[in-house]
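The values are calculated or read from the model by the stated rules, or taken from the named source; none is laboratory data. All values derive from a computational prediction rather than experimental measurement. Backbone-built Cβ (ideal geometry, glycine too); neighbour counts: all protein chains shown. What goes into the accessible areas is simple: the full protein's heavy atoms, side chains included, and nothing from ligands, DNA or RNA. Shrake-Rupley method; radii C 1.70, N 1.55, O 1.52, S 1.80 Å.
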Amino acid sequence: MSNSVKVDVQGFQELANKVKELADDKDKRKESIAILRQIAKPTVNAAQSNVPVSKEKHYSRGKWIMPGTLKKSLGVINVRSKNPTVAVGARAKRKYDGWYGAFVHEGHEYFTSATSKRKSFSMIRRKRNVSVINTRKGSALNKGRKGKKERASLRQMGRAQMTKAQPFLTQAYEQTKGQVTTDAEKKFAAFIQRRINKLSR
């Protein structure tokens, strides 16, 4: 997912180092990922409890975004890394459509119409610009994707505002990190012992 905010979920460094010392095979990685995904579930549940849910549907990228779409998209994501790693975040592949999770989490810029008090969004993250078309009445010209110069001009006119950041993933991590750490310690310790027993045969 390109526009995502993720919270890494990993075991203690000491345990991670012990895992690295074991045979480096696909079974080790597969089992490690399975354990990490179980460990991450409390954080997913907390994130789903903290994420805001819109009261009305929105239109963007040629389709309607229904209330609760972001909440349903939250889950465990496998991270491409040398060592087994997973993250909790908004998924945006296949049946999930949580691509806008970062905008909710960090807040985004929007511009008010010159002829209406209603909002038209122009969400910006890193080098990618994504406009969300407002379904309500207002200036049609105000709903299109805005370039760098146009955004700068609108800011000078006082028509640029920022939505309030709602860091639901950070809140979820803070709420569950103790539980995740304890769970990780127990499950990885058992996993390492199983691997040691296997290699000792």
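Observations on the model:
- Charge sum, other residues only, whose C-beta stays under 13 Å from residue 50's C-beta, Lys/Arg counted +1 and Asp/Glu -1: 0
- Listed peptides 62-68, 105-111 by packing density, highest first (mean Cβ within 10 Å): 105-111, 62-68
- Residue ranges 70-76, 82-88 sort as 70-76, 82-88 when ordered by packing (mean number of other C-beta atoms within 10 Å per residue, highest first).
- In this calculation the C-beta distance from residue 93 to residue 182 is compared with R0 = 22 Å, giving a FRET efficiency of 0.10.
- What a 1.4 Å probe finds exposed on segment 29-108 is 50% carbon and sulfur by accessible area, rounded to a whole percent.
- Gain upon complete extension [residue 57, residue 78; 0.36 nm per residue less C-alpha separation]: 4.6 nm
- Projected area averaged over orientations for segment 39-98, convex hull of C-alpha atoms, nm²: 4.9 nm²
- When each of 93/177; 149/177; 82/164; 82/177; 164/186 is checked by Cα-Cα distance, pairs over 31 Å: 149/177; 82/164; 164/186
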